[in-house]
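I have placed the structure first, in the form of structure tokens, so that the comments after it can refer back to it.
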Amino acid sequence: MEFAFLLNHINVLLLLVMLCVPCGFIQCPTDFGVSNILQATPSASVDFGRMYFNLPAAVLRPKSPREISFLLKSVRSSSPFSNRVTVAARGAGHSINGQAQALDGIVIEMDSLPDHIEIHSNSEEYGCSYADVSGGTLWIDLLRESLKVGLAPRSWTDYLYLTIGGTLSNGGISGQTFKHGPQVANVLQLDVVTGQGELLTCSKAQNSELFYAVLGGLGQFGIITRARIVLEEAPHKVKWVRVFYDEFEKFTRDQELLVTAMEGMVDYVEGLTFLNQHSLLSSFAAFPSDPDLLPGLHGESNTSIYYCIEFAVHCHHKKASNVQKATMEEEVVRRLNHIRSLVQRAEVSYFDFLNRVGMEEEKLRSKGAWDVPHPWLNLFVPSFSITTFKDLLLQNISPTTFEGPLLIYPIRPDKWDANMSVVLPRAHAGKRNDSLIYVVGVLRSAPPECVPETPCLNRIEQQNRRIVETATRWLSAKQYLPAYSRRRQWEEHFGESGWLRFQARKAQFDPLNVLAPGQRIFSRWEADSKKNNR
């Protein structure tokens, strides 16, 4: 194994020597020595999860999509220098399980591409406004630019300091998903560099198989270098409301009411679970209110589990509609079966509402609580098994020591396109609200001392594995941002027909298995074996 590891480093270096002149590498490969590579800890070997540290042999900071294309075309060549090289695209580095890393390979840092943002209002071709934006651009920058002309994307993630290409390679979900679908459902066109180095424009009408494959494709089929994102009129303020529950059944029933019968009355719905006093207080890092105003929940002796629905109503500049929105907000609160004495309201700008987690990040950084391990777990759980899943979760975690948000909120699969690569649970006819799926985000932060291979982090990862295994096998759940290490697990994740389609797309767009090795789905060794046996 050590010899193979060293040989692959040499292969990468020899390949990069050939590419050094046309491409803007952070460090010219001729300056590398093998010992320096093994000792270095560049940013490309670290992600937000801080559980995996896979050091690449080199990093490419391209100035144009053509440089990415040139690299991948060179890698796919039959040269003995490149027959083991893998390539990963890295956006803002917010993956959890090393998905954007490339051990002993090449990492492409997408933030080096120019932040090209071009706004098009009221396009006759599409019947809507849209933005053309670089795949390495952050969503927060697109928001700032589009708001200058009174527009904004309509589907978001909770955290905006992620790249366009990164979230489109996974799905992109938040409290607007029930209404507008995920971010992958709000894309008109893409520019993609495939694993074979082809630079292609794709959409539902042009190169459609690539278009659908790349959206939610976990980086397996191509690297997104440009996206055409749907825009809508941006509200100027948001009415933000929180209502509280002490019964899980009431909490979920009201969320399901909001995203179905009351869909036209609200613009955002998410659910929070407060397992302990710390989780309650930390939720106010972004919400502009004082937790002391909730006497029924406040107090160190309170050990009950509480639930909270957040919903938002968008307000635009027309005064008449704002009066109507205020009445609508009151009607929503009246119809929900929450604890009547516990209601919180806030009115904030649209930018501040969407950037609420960014505000929380600032506070966590000031406390030294941001750059810690994040053994997060994200799942899609069918509505009929959400109560059973809640019980499973509480059997495997300790409510008294849990730190971080715990999100539980419903989305509607009819807002997703089944042609895309994202995997959702199958509907079960006759089950409770079989048309709904819950997003569950177990967003734990581990103490700084819980570094990889320590008992405390191992314990959390074991808990996550138990939850995933039980939920996927018995509750029909599926992982979002999936992380598996064995082929059988990936096959079960996609299902028989889904796996066959995923394999066929891989064979078409990245037959040598060059892209996204950190996902641990396909390997270059496997592709080389097939090639040599032809």
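Taking strands (runs of 3 or more DSSP E) that fall entirely within the range 342-444, which contain at least 1 residues that are of a type in the set (Asp, Glu)? Spell out the reasoning first.
On the way: elements: 343-349, 377-382, 406-411, 437-442.
Filter on the range 342-444 gives 343-349.
Quick one: is residue 511 in a loop (DSSP other than H, G, I, E, B), surrounded by 13 or more Cβ atoms within 10 Å (Cβ to Cβ) and either free of Cβ contacts under 8 Å to residues at least 24 places away in the same chain or not assigned by TED's automatic domain parsing to the domain that holds residue 423 (or both)? So residue 511 fits the description; yes.
Residues that are farther than 23 Å from residue 517 by Cα and under 19 Å from the mean Cα position of the chain (by Cα) within the range 466-503 comprise just one, 477. In the list 12, 59, which residue meets the criterion of being at pLDDT 50 or above and in contact with a strand residue (DSSP E or B) (Cβ under 6 Å, 6 or more places away or on another chain)? None of the other options fit; the residue is 59.
Within the option set 422, 381, 468, 442, being in contact with a Gly (Cβ under 6 Å, 6 or more places away or on another chain), β-branched (Val, Ile, Thr), outside the structural domain of residue 51 (by TED's automatic domain parsing) and surrounded by 16 or more Cβ atoms within 10 Å (Cβ to Cβ) holds for one residue only, 422.
So, residue 473, is that one free of Cβ contacts under 8 Å to residues at least 40 places away in the same chain and under 30 Å from residue 371 (Cβ atoms) or not? Show your work before the answer.
Details: free of Cβ contacts under 8 Å to residues at least 40 places away in the same chain: yes; under 30 Å from residue 371 (Cβ atoms): no.
No, not satisfied.
If you filter the range 328-352 down to residues that are within 25 Å of residue 248 (Cα to Cα) and polar (S, T, N, Q), you find that the one that is surrounded by the fewest Cβ atoms within 10 Å (Cβ to Cβ) is 341. In the range 110-133, the residue that is nearest to residue 87 (Cα to Cα) out of those that are crowded, with 21+ Cβ neighbours inside 10 Å and touching a helix residue (DSSP H, G or I) at 6+ places or on another chain (Cβ under 7 Å) is 110.
Looking for whichever is out of contact with any helix residue (DSSP H, G or I) (no Cβ under 9 Å at 6 or more places or on another chain) and assigned by TED's automatic domain parsing to the domain that holds residue 123 here; the options are 208, 203, 174. Which one fits? Working first, answer last.
Values: 203 fails: out of contact with any helix residue (DSSP H, G or I) (no Cβ under 9 Å at 6 or more places or on another chain); 174 fails: out of contact with any helix residue (DSSP H, G or I) (no Cβ under 9 Å at 6 or more places or on another chain).
So the residue among 208, 203, 174 that is out of contact with any helix residue (DSSP H, G or I) (no Cβ under 9 Å at 6 or more places or on another chain) and assigned by TED's automatic domain parsing to the domain that holds residue 123 is 208.
The values are calculated or read from the model by the stated rules, or taken from the named source; none is laboratory data. This structure is a prediction, so every number in the text was calculated from the model and none was measured. When we count neighbours, we look across all protein chains shown, and the Cβ atoms used for this are built from the backbone with ideal geometry, even at glycine.
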